[in-house]
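What follows is a set of notes on a single structure, which appears directly below.
The values are calculated or read from the model by the stated rules, or taken from the named source; none is laboratory data. Computed from a predicted structure; not experimentally measured. In this analysis, Cβ positions are derived from the backbone assuming ideal geometry, glycine residues included, and neighbour counts consider all displayed protein chains.
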Amino acid sequence: MAVDAQQLSDMMLQLHALWLMPLQVTVALSILYTYLGISTIVALLGLVSIMVFVAFGTRRNNRFQFNIMKDRDSRMKATNEMLNYMRVIKFQAWEEHFNERIQFFRESEFAWLTKFLYSFCANVIVLWSTPVFIATLTFGSAILLGSMISLSQAMISLDRLDRYMMSKELMDDSVERVEGCGSEISVEVEDGAFNWDEESREEVVKDLNFMIRKGELAAIVGTVGSGKSSLLASILGEMDKISGKLRVCGTTAFVAQTSWIQNGTIQENILFGLSMNQERYKEVLRVCCLEKDLDMMEFGDQTEIGERGINLSGGQKQRIQLARAVYQDCDIYLLDDVFSAVDAQTGSEIFKECVRGTLREKTILLVTHQVDFLHNVDLILVMRDGMIVESGNYNDLLESGKDFKSLVAAHESSMVLVEAESSKRRTTLVDQPTSPQASFSPREEND
């Protein structure tokens, strides 16, 4: 009876599993169906099969347990009889008979106990293996049914990776680079045509004919997708040359439109392996408008930057990238829309102090959508469909350039809309009635 009472007490601890388990299974299957769809049916069938196995195992264990308890009671009864009538058993010399009887009950109980433990272990193994089995069954069926990623998509991805890995290296002779040359020409392109894919003869940028003199600031403008960034990539030698001639005189620094930040401190990102020059370093921080940002940081330029600059804003990453290029002190600077991630005031300050200040003696090719800066550049290259369709200074292009006129007109119309919206907001704020708290005078308060 004590054993039966103990087992009943242990069962009470698991009584809530009768209603909690179906609820948990239902919620889990609902979430799986949301993400995997019809593959959830396979998971449900797997769960049902495991539950059926466990149910049959439990019935078997109950039968084994009943036989164990029956033989245990018989053994205890025979043992009690032997102890109570020990004197009679001794007088009659029945020791061997009672020993065999008790041993029989013990062997029978041990046999049923062995079967029970084997069956119980089988149930435990199945239950502990259920998560792995169900996960394998569910995701395996999801792959076969195409709910996650089909085999064809994997083969396509493998083929693309294979073509990328097996593609040829870029030719070093696509760009003629001369460092320390005495020529007055920094960048010169004659009949240039470039593309990204060496196997395709499609020209991404074509019919390029221009010349940038030393110390000039050239702006490259055009609509989105006109080939401005590709033009800078061709000068860097990142594109395959189809035809023409490209000559670059001097060292080159490139500031991409998408910021590239390495793990480390802000100082390490700016120095980028060069030795520290305090005077030049402070000047770079000033012209790139980083001083106020560093003052707000607890550790200044020793602040650790997370992966891909996760703890910096887009404008801060762009300015750090620009500062790195300025600190390198190269001959030619290729700036790909460096003002896109900063506000108008900061952009104007950088253009004045950095582009037209510290870098005034450098050759700069600036891709930009900021029409306001084009008054102060030496040469404007207008691109459309991968070609330079117009070139000249601001006033000449405004008089004769059709594409440039449309860009300026679009900029002016957008500025008019912005100004109108700002005026509307200011008028709305002025016309709003003042709150009772705001109109409550000190005199009334004293009264």
Whichever residue in the range 219-261 is without any contact (Cβ under 8 Å) to a residue 40 or more places away in the chain and surrounded by fewer than 19 Cβ atoms within 10 Å (Cβ to Cβ) and, among such residues, is nearest to the chain's Cα centre (by Cα)
T258
Within the set of pairs 6 or more residues apart or between chains, which connect a residue that is more than 25 Å from A135 (Cβ to Cβ) inside the range 1-26 to a residue that is surrounded by 10 or more Cβ atoms within 10 Å (Cβ to Cβ) with Cβ atoms less than 9 Å apart?
V3/M69; V3/R72; D4/M69; Q7/Q65
Among the listed residues F104, F110, identify the single one that is over 21 Å from D4 (Cβ atoms) and of a type outside the set (D, E, K, R).
F104
Would you be able to say whether some residue in the range 73-85 is of a type in the set (K, R), out of contact with any strand residue (DSSP E or B) (no Cβ under 6 Å at 6 or more places or on another chain) and more than 24 Å from A122 (Cα to Cα)?
yes
Per the filter on the range 318-345, residues under 20 Å from F272 (Cβ atoms) and among the aromatic types (F, W, Y) are Y327, Y333
Among the residues of the range 206-255, which ones are of a type in the set (V, I, T) and in a strand (DSSP E or B)?
I212, I220, V221, I242, V248, T252, V255
Would you please list the contacts, defined by Cβ atoms under 6 Å and residues six or more apart or on different chains, that run from a residue in the range 334-353 that is under 16 Å from R324 (Cβ atoms) to a residue that is in a strand (DSSP E or B)?
L334/F254; L334/L365; L335/V255; L335/L366; D336/V367; V338/V255
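Each row is one residue, and each column tells you yes or no for (1) assigned to a helix (DSSP H, G or I); (2) modelled with pLDDT of 85 or more.
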residue: S119; (1), (2): yes, yes
residue: V124; (1), (2): yes, yes
residue: W128; (1), (2): yes, yes
residue: F133; (1), (2): yes, yes
residue: G140; (1), (2): yes, no
residue: S147; (1), (2): no, no
residue: D159; (1), (2): yes, yes
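So that you can scan it fast, the table gives a plain yes or no per residue for (1) under 27 Å from S186 (Cβ atoms); (2) assigned to a helix (DSSP H, G or I):
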{"position": "I270", "(1), (2)": "yes, yes"}
{"position": "L274", "(1), (2)": "yes, no"}
{"position": "E283", "(1), (2)": "yes, yes"}
{"position": "K292", "(1), (2)": "no, yes"}
{"position": "E298", "(1), (2)": "no, no"}
Looking only at residues in the range 73-100 that are in a helix (DSSP H, G or I) and of a type in the set (F, W, Y), which one is modelled with the highest pLDDT?
F98
Of those in the range 11-56 that are among the small types (G, A, S) and in contact with a Leu (Cβ under 9 Å, 6 or more places away or on another chain), the residue surrounded by the fewest Cβ atoms within 10 Å (Cβ to Cβ) is G37
Check L334 against each of (1) modelled with pLDDT under 90; (2) closer than 30 Å to R247 by Cα and name the one condition it does not meet.
(1)
